[in-house]
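Since every read-out is calculated from the coordinates, none of them should be taken as a lab result. Everything numeric in this text was worked out from a predicted model, so none of it was measured. All Cβ positions, even for glycine, are placed from backbone atoms using ideal geometry, and neighbour counts span all protein chains on display.
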Ligand SMILES: *Cc1c(COP(=O)(O)O)cnc(C)c1O
């Protein structure tokens, strides 16, 4: 593509971060527990307020947030945790690090959980559910929440890549007992690395604060007077998953920009999706009227392609400098369940497998201009139609 902005670009950091960072450079005050009210604490307050949650804990990644969440809802070694079969490797990895066994539920070609399979697997052996709103695609959260509540199973939301998404006007990441978000560079808010968890449950936040590394009485600096920290003092093993003040200073000025980024991302997505859907070779998973997406990437399915033709899409686009990834045809893709050999016996999941072998993935950074989007559409259509023709001739 000739455009200046590449699909690999992250969001630029607002200039307002500079003054705060300069101040931190002078004082060297980078550790969250040195100042009485640190940048990290301010980020927690501001993010919780923006999302309408009672409590937030900033950590060093969404992976850490997901791991902590499982420990805080009571997942124990040997327990089973139900997760979608299409998610980032961080999720089954967090389950394994918690000593538990991941059970994988099928994901259909609409990129949402197959609810029949989910319900069938949500049995008495399941200690917790982690739902990944993968690439911002939301599964039926009403049904999932009702099933988990009815069976008394805690629900954790991996909203790492779904900041700003709404489900029936509720903010994704605030529906389950805990919601986890990522500030890694290629998510809606760019902190380089970083994550945050949200909850309304005072016991969950107390445990999470301790285990994230609030040794001694550092919990008092989180400013949650009604949370029963004293009850849990010295009862949980400490770790260090803390965020530092520099990351928080980079993230904070982006929170007021989320709504604008979401609107732009959705507008870009709808524009590109509409154009791609006009091709008989491409199908963009249909919108669900209950969902308002917050996309910064686009996934589409190749229609009527065989494996060789699908591989040509990857080869042609890669040769032209802007690879279109097909999750299940790309060696060692971390979002492909059969690559998660670390979970032990990888199950066979025909619905998810079929989806992964035709689902394409391309970034759509929210800062792209109309001209850049047009270039992207032309590029995709060229690669896809050439890949199809080359084999046929
Ligand atoms: C990015 C991502 C993660 C991991 O987030 P990190 O902050 O990089 O640990 C987990 N789940 C999903 C769905 C993601 O997109």
*Give the shape of the chain as rounded, prolate or oblate, defined through the alpha-carbon gyration tensor: a ≥ b ≥ c are the square roots of its eigenvalues, a/c under 1.5 means rounded, and otherwise the shape is prolate if a/b is larger than b/c and oblate if not.*
oblate
*Mind ranking 274-280, 64-70, 126-132 by how tightly packed they are, going by the mean number of other C-beta atoms within 10 angstrom, highest first?*
64-70, 126-132, 274-280
*Cα axis of helix 307-319 to longest principal axis of the chain: angle in degrees, 0 to 90, nearest 10?*
70 degrees
*Could you grab the relative contact order for the chain? Cα pairs under 8 Å, six or more apart, rounded to a whole percent.*
21 percent
*asked:* Shape verdict for the range 123-248, please, from the Cα gyration tensor: rounded (a/c under 1.5), prolate (a/b greater than b/c) or oblate.
replied: oblate
*By counting other Cβ atoms within 10 Å of each Cβ, how are 133, 222, 217 ranked from fewest to most?*
217, 222, 133
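What percent do you get for the relative contact order of the range 101-160 when only Cα pairs under 8 Å and 6+ apart count?
Relative contact order comes out at 35 percent.
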*Using per-residue counts of other Cβ atoms within 10 Å, averaged over each peptide, order 241-247, 180-186 from highest down.*
180-186, 241-247
*At a Förster radius of 41 Å, what calculated FRET efficiency corresponds to the Cβ-Cβ distance of residue 239 and residue 259, to the nearest 0.05?*
0.75
_How tilted is helix 141-151 with respect to the longest principal axis of the chain? Cα atoms for both, answer in degrees (0 to 90, nearest 10)._
50 degrees
*asked:* Once you order the gyration tensor axes a ≥ b ≥ c over the Cα atoms, which shape class does the range 144-185 get: rounded for a/c under 1.5, otherwise prolate or oblate by comparing a/b with b/c?
replied: oblate
*Using the alpha-carbon centroid of each, what span in Å lies between the range 65-106 and the range 197-261?*
21 Å
_Whole-number percent relative contact order across the range 239-393, with pairs defined as alpha carbons under 8 Å at least 6 apart_ = 30 percent
*Would you mind calculating the gained length between residue 8 and residue 354 on full extension (0.36 nm times residue separation, minus the Cα-Cα distance), in nm to one decimal?*
121.8 nm
*Quote the FRET efficiency, to the nearest 0.05, computed for residue 116 versus residue 18 with a Förster distance R0 of 56 Å and r equal to the Cβ-Cβ distance.*
0.60
*Calculate, in nm to one decimal, what residue 341 and residue 308 gain on full extension: separation in residues at 0.36 nm each, minus their alpha carbon distance.*
9.3 nm
*Nearest 5 is fine: what % of DSSP beta bridges in the range 19-158 come out antiparallel, could you say?*
10 percent
